[in-house]
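Inspection log for the structure reproduced underneath, given as structure tokens.
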């Protein structure tokens, strides 16, 4: 009887410890979100979106950084979608079972969580140093390197989920393999492909480290991709570490904007994914 | 065969050049991924070569980092990277395990689902947000409520005084590790939860049928079933912590002195690169930073490759 009591107490203790762990984790995360909202919400107004970043002490917004972020993420996603979907298709439809396919899959998974700052260094070596200048293009390429493995991975997973009967039906009508993939499989997996893109987009939209020495940052409004360009993350980094109160306030606003953007992209991705499964 | 001709042109002949080009494009894209990883290694090795040549093996062990005298050693940054990552793992791992077990085994489904989604969403919050929170919220609070009292209460000359010494501004190795822990926690918890979900319900039911308590089911059935995967997830978390840049750069204090207490400021490889690369003073300075990058790449590559080997076959 004593032993049964002991086991029951041990069980209660364990459940309690797990519950407390969950509570601690949730508290920490709620505290972070709370600081983000409480410090960021006060600074939100139209000027954030219409004015460029100010000199310390004067009025301004973050429009140049927001536009820069959109441009660079656009470049990154354009590359990542093309390369990622093609690479994922190759893994799922053509050579995924070969040794080479397994090697590619393995290194893609490693690349998926490789330190982003190293990607920045790499792109600096191949696109910044040879051309003697930081550029938004280099920043976009750096972001592409981070998004591509995600797109590749989701593409492969989603294509593998498509029923074999679809492929056989296409083949039976006399269509070529490439035709079946492009016109039938991709179409059937469209929602899943969109999800992969959204996940990649969410990942790169808050990335800071790879942009520090590729796109560098720019205090002026610029849409020239061959020149340095501001992005939200790099501007936040610069402002947060500055000694000026108003810059720090703008940094909080920027951080909140990024967090909201990333959260909403992820949520949209989830909704699309759920639709896809239906 | 009058109908065959238009069908072929519309669907493409099985051996048509279009199909070959498409397959080649797919193959090229897959190869590009490999080339990217190879390119990172090669470019880092080439860029860092002058530093390795100049300082030799001592680059890895020397803790002197002085852009003025042009002497560079990676020792402090490597030690800082390892200490912060392992401390972070030490804090995050038990919490992540607890969260995952709680959500999968004990929590009512109605609450478990929203919490799980929240945890997954939080895993996607960019690290710069965590870094800012560390700098503006955690560091001041920590300095005032933990660091100062501990320093005050330590007797002069005692071991506590050595342990807790440092500038009381909350920017130190310990707080950097805490931020890292908070950052990898949702990630590890989310992945671990998915891992626990792969345990077949029959195994659980059988154990319960034998009269096991939930604790015994987790300890003797669930965890052993996914043991390999759990180690893989730990490695993934470690890999994240090792390479994390922004969360750490904000709060570690960025000092190149060898850390002599848990509250001393320090630096990691990633934070050093982030702080100094854009403003490197000389060619050797840049080369030393790129060489640091190569060291970080090799460390994380080993950890991540190990993680992926353990997690092979899992959709994680």
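Laboratory data are not the source of any read-out in this text; all were calculated from the coordinates shown. Model, not experiment: these values are computed from the prediction. Glycine also receives a Cβ, built like all others from the backbone with ideal geometry; neighbour counts cover every protein chain displayed.
Here are some notes:
- Order of A:6, B:215 - criterion: other Cβ atoms within 10 Å of each residue's Cβ, fewest first: A:6, B:215
- Length gained when the stretch residue B:160-residue B:141 is fully extended (0.36 nm per residue, less Cα-Cα span): 4.8 nm
- Histogram of C-alpha separations across region A:2-43, 10 Å bin width, %: 26, 26, 19, 15, 9, 4, 0
- For residue A:274 and residue B:198, a Förster radius of 22 Å and the Cβ-Cβ distance give a FRET efficiency of 0.65, rounded to the nearest 0.05.
- The convex hull around the C-alpha trace of region B:118-171, projected and averaged over every direction, spans 4.8 square nanometres.
- Global geometry of the protein assembly as shown, whether rounded, prolate or oblate, following the gyration tensor of its Cα atoms and the 1.5 cut on a/c: oblate
- Chain B: most fluctuating residue of B:83, B:302, B:20 per GNM, C-alpha cutoff 10 Å: B:20
- Using a simple spin-label model with pseudo-atoms 7 Å out from Cα toward Cβ, residue B:167 and residue A:102 lie 5.3 nm apart.
- Gaussian network model of chain A, springs between alpha carbon atoms under 10 Å - residue of A:202, A:25, A:240 with greatest fluctuation: A:25
- Listed by Cβ neighbour count within 10 Å, with the fewest neighbours leading, B:193, A:190 appear as A:190, B:193.
- Residue-span extension gain [residue A:45 to residue A:27] - 0.36 nm each, minus C-alpha spacing: 3.6 nm
- Rg ratio for chain A: its Cα radius of gyration over 2.2 N^0.38 Å, N being its residue count, equals 1.25.
- Computed lengthening from residue A:164 to residue A:241, 0.36 nm per intervening residue step minus Cα-Cα distance: 22.2 nm
- Ranked by how many other Cβ atoms sit within 10 Å of their own Cβ, fewest first, the residues A:12, B:225 fall in the order A:12, B:225.
- Computed label-point distance, nm, for sites residue A:263 and residue A:70 using a 7 Å Cα→Cβ extension: 2.2
- Among B:72, B:187, B:208, the residue with the largest mean-square fluctuation in a Gaussian network model of chain B, with springs joining Cα atoms closer than 10 Å, is B:208.
- Over chain B, the Kirkwood radius and the radius of gyration, each from Cα atoms, give a ratio Rg/Rh of 1.11.
- Kirkwood hydrodynamic radius of region B:173-226, from inverse mean 1/r over distinct Cα pairs, in Å: 12.9
- The alpha carbon centroids of region A:223-246 and region B:21-36 are separated by 35 Å.
- Working from Cα pairs under 8 Å separated by at least six residues, relative contact order for region B:53-205 is 33 percent.
- Helical content alone sets the calculated 222 nm signal of chain B at -21000 deg cm²/dmol, taking -39,500 (n - 2.57) per DSSP H segment of four or more residues and averaging over every residue.
- Paired Rg and Dmax values of region A:23-66, which use every Cα atom, in angstrom: 14.5, 43
- Average other protein chain Cβ within 10 Å of Cβ, residues B:33-45: 6
- Here the spin labels are modelled as points 7 Å beyond Cα on the Cα-Cβ line, and at residue B:63 and residue B:24 they lie 5.8 nm apart.
- Residue mean of other protein chain beta carbons inside 10 Å, B:100-112: 3
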